[in-house]
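Heads up: the structure comes next, in structure tokens.
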Amino acid sequence: MKQAWLAILLLAALATQARPALAHESKPCVLNITQLDETQFRVSWKTPPPTGPEGYPVSLELPADWLESTPVQRRSLSDGELEIRSVAIEPGRLDGSVVSFPGLEGMVTEVFVRVSRLDGSNYSALVRSTDPRFELSGERGWQQRSIEFIVMGFEHILKGADHLLFVFGLLLIVGGARQLIKTVTAFTLAHSITLALAALGVVNLPPAPIEALIALSILLLGPEVIHRMKGETSLAIRMPWLVAFVFGLLHGFGFAGGLSLIGMPRVEIPLSLLSFNVGVELGQLAFVGMLLLLYWPLRRLSMRAPLWLRESPAYVIGISGAFWFIQRSFPLVFG
């Protein structure tokens, strides 16, 4: 009964932020501003692949006093579109300038801004859809950058209905606090490994098959929940930490779908990657904590629910996983 109520509450929560297609399909946009000499700068603007005939909905708007020195060069890449332009900026006018990103409002993505100067100094910033503009203001403290990436990771996990449903399924087959700790730790360790490898570009895998496999991992948890309810056993029930680790490797690639550290100054990579992962973990712990808080009062209910309602968590997980798996596999099979 308690699991049934939790499943209903969870499904309602996930429905409020469900999105079609891939859960983490939106790669960030990247703006690189590199100083070439006293007044000349190279501006590199990269967006994900076009989402329709009009291209990607987020564009770049430079300050009016940045004068373009050469025509814009456009290139189509395997993972997006690239624009390169040279601009002239009067000495001392870079700091205080404001770049804007029309179309970013309401998007489930961010813009990484990276600035490199002739004197060797550089900095980066994360521009969010809630405020689609950024004022170039020189060096930024590590605390500010860290908070930006923590918030990004926190929101990334909470917007991923597929990841949350997988965690929910794990909770339903775990028995006891000790096994819960082992399972959560294994999932954290696994996705941290692949998140780092993918975000740093060490391992490059196409996102579409990964997202389909993530959906399959959710689908496979559904029957395991039924087995657990019936008192049966299986590898997943005996060692849920192993299942969490194996599938956690896949989910790490999914988390990396919204994070790319390639091109970021080396000195900033460790902190950015760590902060993003901390944000993911905080979001995951917040989700688990919410479920446990809901479970505490529900466990006092003595009502006897019908069998179909008691088994509803398994069907919520299995049907959702099956739907996402078919949805994400269809383009892979039929193009």
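Here are the numbers for the structure shown:
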{"read-out": "Sole exception among (1) of a type in the set (A, V, I, L, M, F, W, C); (2) modelled with pLDDT under 90; (3) assigned to a helix (DSSP H, G or I) for residue 220, by number", "value": "(2)"}
{"read-out": "Matching residues, region 187-233, being within 21 Å of residue 269 (Cβ to Cβ), crowded, with 18+ Cβ neighbours inside 10 Å and β-branched (Val, Ile, Thr)", "value": "188, 194"}
{"read-out": "Counted residues, region 46-74 - those being part of a loop (DSSP other than H, G, I, E, B), in contact (Cβ under 8 Å) with a residue 24 or more places away in the chain and not acidic (Asp, Glu)", "value": "13"}
{"read-out": "Failed item, numbered, when residue 115 is tested on (1) assigned to a loop (DSSP other than H, G, I, E, B); (2) closer than 21 Å to residue 35 by Cβ; (3) among the hydrophobic types (A, V, I, L, M, F, W, C)", "value": "(1)"}
{"read-out": "Answer residue from region 168-186, given it is surrounded by fewer than 19 Cβ atoms within 10 Å (Cβ to Cβ) and of a type in the set (A, V, I, L, M) and is modelled with the lowest pLDDT among those", "value": "177"}
{"read-out": "Qualifying residue in region 272-290 (condition: outside any helix (DSSP H, G or I), in contact with a helix residue (DSSP H, G or I) (Cβ under 8 Å, 6 or more places away or on another chain) and either farther than 15 Å from residue 200 by Cβ or modelled with pLDDT under 75 (or both))", "value": "no"}
{"read-out": "Answer residue from region 118-136, given it is assigned to a strand (DSSP E or B) and modelled with pLDDT under 85 and is nearest to residue 101 (Cα to Cα) among those", "value": "126"}
{"read-out": "Residue within region 74-87 that is in the same structural domain as residue 42 (by TED's automatic domain parsing) and crowded, with 18+ Cβ neighbours inside 10 Å present", "value": "yes"}
{"read-out": "Checking residue 43 against (1) among the aliphatic types (A, V, I, L, M); (2) in a loop (DSSP other than H, G, I, E, B); (3) at pLDDT 90 or above, the condition it does not meet", "value": "(2)"}
{"read-out": "Test: residue in region 172-188 that is touching a residue at least 40 places away in the same chain (Cβ under 8 Å) and either of a type in the set (D, E, K, R) or more than 26 Å from residue 225 (Cβ to Cβ) (or both)", "value": "yes"}
{"read-out": "Residue 82 being among the hydrophobic types (A, V, I, L, M, F, W, C) and under 30 Å from residue 206 (Cα atoms)", "value": "yes"}
{"read-out": "Of residues in region 93-117 being of a type in the set (S, T, N, Q) and modelled with pLDDT of 90 or more, the one surrounded by the fewest Cβ atoms within 10 Å (Cβ to Cβ)", "value": "100"}
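The values are calculated or read from the model by the stated rules, or taken from the named source; none is laboratory data. As the structure is a computational prediction, the values presented were derived from the model and not from experiment. Positions of Cβ are backbone-derived with ideal geometry, glycine not excepted, and every protein chain shown enters the neighbour counts.
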